[in-house]
Amino acid sequence: MLVRGAVLTVVLLGLVAFSVLLAKVTLTPSPASEDLVTSNLRPGRSLRQYAEDYTFLGAVKQAGGNLLLGVPFGLLLPFFVPRRLRMIRTTLLTAVAMAVVELVQGALVAGRAFDIDDVILNTAGALLGYFLLGRRISHRYYVYTDASGAPGPSAQEPAADPEPAPGPAARRTKTAATKTARGKAGQPAPPKPAATAPAKKRGPRTESTEDPAGARRGANASDSVRSLFGRLRGR
């Protein structure tokens, strides 16, 4: 925590010092240039003017000065922005801050005007500073703080609460259940019932009694035969 606080304090002081320098460079009135400067809303117009109308040293001073003015943003802002999309956030913050500065120049400061090319050069300088040094030092800072501030294994996984010791009643119940289980385990298994032979199928029962009507018809036929034989003998 001490190292982290010290690093953030140094970075914050550097950002404040840079803000004061930026305000002194960009917000200082220049009455001598009041009739010469004009607002520029077309990207690339001032850059062409530097290449055509200025000497080499003058063009390098104008373009290089705007680039160097944005480098501290790429060095200091990564310490205050989230790690996710750090480069994009740094670029957007730089562009917004410099656009506000240019607007204040054009609206309130004599001898200065809004120039979109200055915003572009300042943002390019922030990206240059980020890729040259800001990304490395901010990455090492976050790795160090994450390693030192990461919770240990005991803090990540809380220890399980020990089970309370069973009371006397619970111990007696457990002992009785154990004895019952042992008794059941020692008893021989009951014999299986013998398989019974399947009963034989019986055929359909027949009635032993005769039909009474049939018996009468037989008796009448025998009487007719006897009477016929008696008549033949008489003849």
- request: Putting +1 on Lys and Arg Cβ atoms and -1 on Asp and Glu Cβ atoms, find which of 47, 29, 8 reaches farthest to the positive end of the dipole of segment 1-70.
  value: 8
field: Solvent-accessible ranking of 1, 87, largest area first, probe 1.4 Å
entry: 1, 87
- prompt: Considering only DSSP states other than H, G, I, E and B, which trypsin sites (Lys or Arg not before Pro) in segment 84-132 qualify as loop sites with at most 14 other Cβ atoms within 10 Å?
  reply: 84
message: Once ligands and nucleic acids are excluded and a 1.4 Å probe is used, how much of residue 131 is accessible, expressed in Å² to the nearest 10?
response: 90
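The values are calculated or read from the model by the stated rules, or taken from the named source; none is laboratory data. Here the structure is a predicted model, which is why all the values come from computation and not from measurement. Neighbour counts are summed over all protein chains in view; Cβ atoms, including those assigned to glycine, are modelled from backbone coordinates with ideal geometry. Note: areas computed on protein heavy atoms with side chains; ligands, DNA, RNA excluded. Shrake-Rupley method; radii C 1.70, N 1.55, O 1.52, S 1.80 Å.
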